[in-house]
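What follows is a set of notes on a single structure, which appears directly below.
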Amino acid sequence: MNIPVNLKYTKEHEWLLIEGDNMATVGITDFAQGELGDIVYVEVETVGETIEKDEIFGTVEAVKTTSDLYLPVSGEIIEFNSDLDSKGGDQPDLVNTDPYGKGWIVKIKMSNPAQVEGLLDAESYRALIS
């Protein structure tokens with residue numbers, strides 16, 4: 001199970017990569033994509049909106065289920081990964097094949113960066129899923 005140590009994690013299986021200037025990238029974990037199975041559609045209609053921590057910002061649809069996506073920290077959704085979008089690259093399977101790289105889902109401008117302290121580190125996330 002791939003759990004990069006440079007990321008923060010939620011109990012709902014999202015990850016957060018802090019990129020400076022209160023910017024961050026959000027995706028779902030390797031564990032989550034494995035549990036969901038083959039991802040066929042990713043929907044994010046919240047670009048430009050400010051979403052509170054733990055609120056739904058989109059959905060991931062797999063062959064066997066649909067799962068809500070929860071924002072790890074409060075912030076404005078700046079960008080949706082166009083490679084995943086059915087109107088763009090239409091490659092939602094990138095979430096399966098490269099969940100921590102090309103399969104990222106959104107970029108956000110954090111409105112309360114202190115909330116990062118409440119997220120799990122890699123070791124705590126590993127314990128959660130074990």
>> Being exposed (fewer than 13 other Cβ atoms within 10 Å of the Cβ) and either farther than 15 Å from LEU16 by Cβ or under 12 Å from the mean Cα position of the chain (by Cα) (or both) is the filter here; which residues of segment 91-127 pass it?
In response: THR97, GLY101, GLU123, ALA127
> Looking only at segment 99-130, which residues are touching a strand residue (DSSP E or B) at 6+ places or on another chain (Cβ under 6 Å), of a type in the set (Val, Ile, Thr) and either farther than 13 Å from THR25 by Cα or assigned to a strand (DSSP E or B) (or both)?
Replying inline: VAL106, ILE108
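Report yes if some residue within segment 49-61 is without any contact (Cβ under 8 Å) to a residue 12 or more places away in the chain and not aliphatic (A, V, I, L, M); otherwise report no. Full working, then the answer.
Applying the first criterion (without any contact (Cβ under 8 Å) to a residue 12 or more places away in the chain) to segment 49-61 yields none.
No, segment 49-61 contains no residue that is without any contact (Cβ under 8 Å) to a residue 12 or more places away in the chain and not aliphatic (A, V, I, L, M).
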>> Looking at segment 29-39, can you tell me whether even one residue there is crowded, with 22+ Cβ neighbours inside 10 Å, under 14 Å from the mean Cα position of the chain (by Cα) and more than 24 Å from ASP121 (Cα to Cα)?
In response: yes
> Quick one: would you say VAL63 is of a type in the set (A, V, I, L, M, F, W, C) and surrounded by 23 or more Cβ atoms within 10 Å (Cβ to Cβ)?
Replying inline: no
>> Suppose we filter VAL73, VAL5, VAL40 for residues that are in contact with a Leu (Cβ under 8 Å, 6 or more places away or on another chain) and modelled with pLDDT of 95 or more; which single one remains?
In response: VAL73
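The rows are residues; the columns are (1) acidic (Asp, Glu); (2) in contact with a Lys or Arg (Cβ under 7 Å, 6 or more places away or on another chain).
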| residue | (1), (2) |
| --- | --- |
| THR29 | no, no |
| ASP54 | yes, no |
| VAL63 | no, no |
| SER67 | no, no |
| GLU79 | yes, yes |
| LYS109 | no, no |
> Looking at THR25, is it in contact (Cβ under 8 Å) with a residue 40 or more places away in the chain, over 18 Å from ASN112 (Cβ atoms) and under 10 Å from the mean Cα position of the chain (by Cα)?
Replying inline: no
> Checking ASN96 against (1) closer than 16 Å to GLY58 by Cα; (2) in a helix (DSSP H, G or I); (3) not acidic (Asp, Glu), which test does it fail?
Replying inline: (1)
> Out of curiosity, is LEU69 under 20 Å from ALA32 (Cα atoms) and under 15 Å from the mean Cα position of the chain (by Cα)?
Replying inline: yes
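So is SER86 over 18 Å from LEU128 (Cα atoms) and surrounded by fewer than 15 Cβ atoms within 10 Å (Cβ to Cβ) or not? Break it down into steps so the answer makes sense when it comes.
Details: over 18 Å from LEU128 (Cα atoms): yes; surrounded by fewer than 15 Cβ atoms within 10 Å (Cβ to Cβ): yes.
Yes.
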> In this structure, is GLU79 at pLDDT 95 or above, closer than 15 Å to LEU17 by Cα and in a helix (DSSP H, G or I)?
Replying inline: no
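The values are calculated or read from the model by the stated rules, or taken from the named source; none is laboratory data. Since the model is a prediction, treat every value here as computed from it, not as a measurement. Glycine also receives a Cβ, built like all others from the backbone with ideal geometry; neighbour counts cover every protein chain displayed.
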